[in-house]
Amino acid sequence: MVNVFCSNVTKSLAGNLYIVECLCQSEPNQEISLKNRIMWRQAWSILYGEYPEDFFPPFVGSIVYFIIVMGFGIISRSLNKQHSPDYLKSYVADFVSTMEMCAYFFENNNILKHYGGIYLFLAIVVQLLISNRTFGGASENPCKAFHHLVLGQHPLLESATTIIVQSLAGLASYRLAQVVWSLDTVADHRERFYEIDCHSDLHTTLIVGLLLEMAGTLMETWGHSQVFFGNSFLNELTKVCHVAIMITFGITWTGMFMNPAMASGHTLGCGGVRNWEHFLVYWIGPFIGCYLATIVDSFYHVNVKQTAKEKKMN
């Protein structure tokens, strides 16, 4: 006989902690997630005749996680392109892409924990290169909508709507991550699935955190507008590596999100930081950095293709 018991826990503003923990106990001192019994472990026991108690190595869990999240994004964008009304397509694409990118970074913490900064750097580079090829021009960061507004490329209503949509996507990314964690492939995923508390990623002073997120967003936004090399892939790789380096070195300070939607989806309502402090560091900081990037770009813009063309004309 299986005994089932549940306990309610509190909910954070980001919705991260609204979890009703239901466990089943088939033997004394042995707790198994009720969800897990109908997941891959149950299928394994049907195929091979024994119930697997061990977890996969962390890197296997990470690969499975990324494949599922990536697959969800690709399929969702494809369905959106085929079936959504034209006036909603861009917003749905931005929602899905933001949710996908934010979900990636839940797993990046596990990569850093088990394999260190070098593998975190490589994972981010791969994620960004793949995203550049699968997002289809969709945005994953509210700072881009703000940047378009500052440049006068999008009207206020469109930019504001995009920012709201992406903010909701950042919060929804936790639910997407939970779906994959429920597969129970590695111990870290089981721990995250049943977490009842969370802590902010801000591990420095408020001012330093604000400056780091602002500076990171400034450099990312400015760099995105530049052409450093004539070869398109080398130019892309340079920008991607630049972002990955900033995240790798800054993740232990602020999380180095440089993405307000991602920061709120990961840590809004978590302990250690009040809500106004969260918005100051992770929203105001990046938006200021984005605005400053447009000013810097107006004074110093790099475009080696244009420079080479002008030299030939002269």
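What follows draws every value from the coordinates through simple rules; no lab data is involved. This one's a predicted model, so the numbers in the text were calculated from it and none came from an experiment. Backbone-built Cβ (ideal geometry, glycine too); neighbour counts: all protein chains shown.
In this calculation the C-beta distance from A187 to L157 is compared with R0 = 41 Å, giving a FRET efficiency of 0.30.
Suppose R0 equals 22 Å. What FRET efficiency, 1/(1 + (r/R0)^6) with r the Cβ-Cβ distance, do N235 and Y119 give to the nearest 0.05? Efficiency, rounded to the nearest 0.05: 0.35. Between I284 and L206, the distance separating the two model label sites (each 7 Å from Cα on the Cα→Cβ line) works out to 0.8 nm. Full extension of the chain segment joining F55 with S84 gains 6.5 nm, where the gain is 0.36 nm per residue of separation less the Cα-Cα distance. Among W181, W222, the order by Cβ neighbours within 10 angstrom, fewest to most, reads W222, W181. Highest average first, the peptides 183-191, 66-74 ordered by how many other beta carbon atoms sit within 10 Å of their residues are 183-191, 66-74.
Protection proxy ranking of 298-305, 282-289, by the mean of other Cβ atoms within 10 Å over each peptide's residues and highest first, is 282-289, 298-305. Taking a sphere under 13 Å around the Cβ of V92 and counting the other residues whose Cβ falls inside, with K and R at +1 and D and E at -1, yields a net charge of 0.
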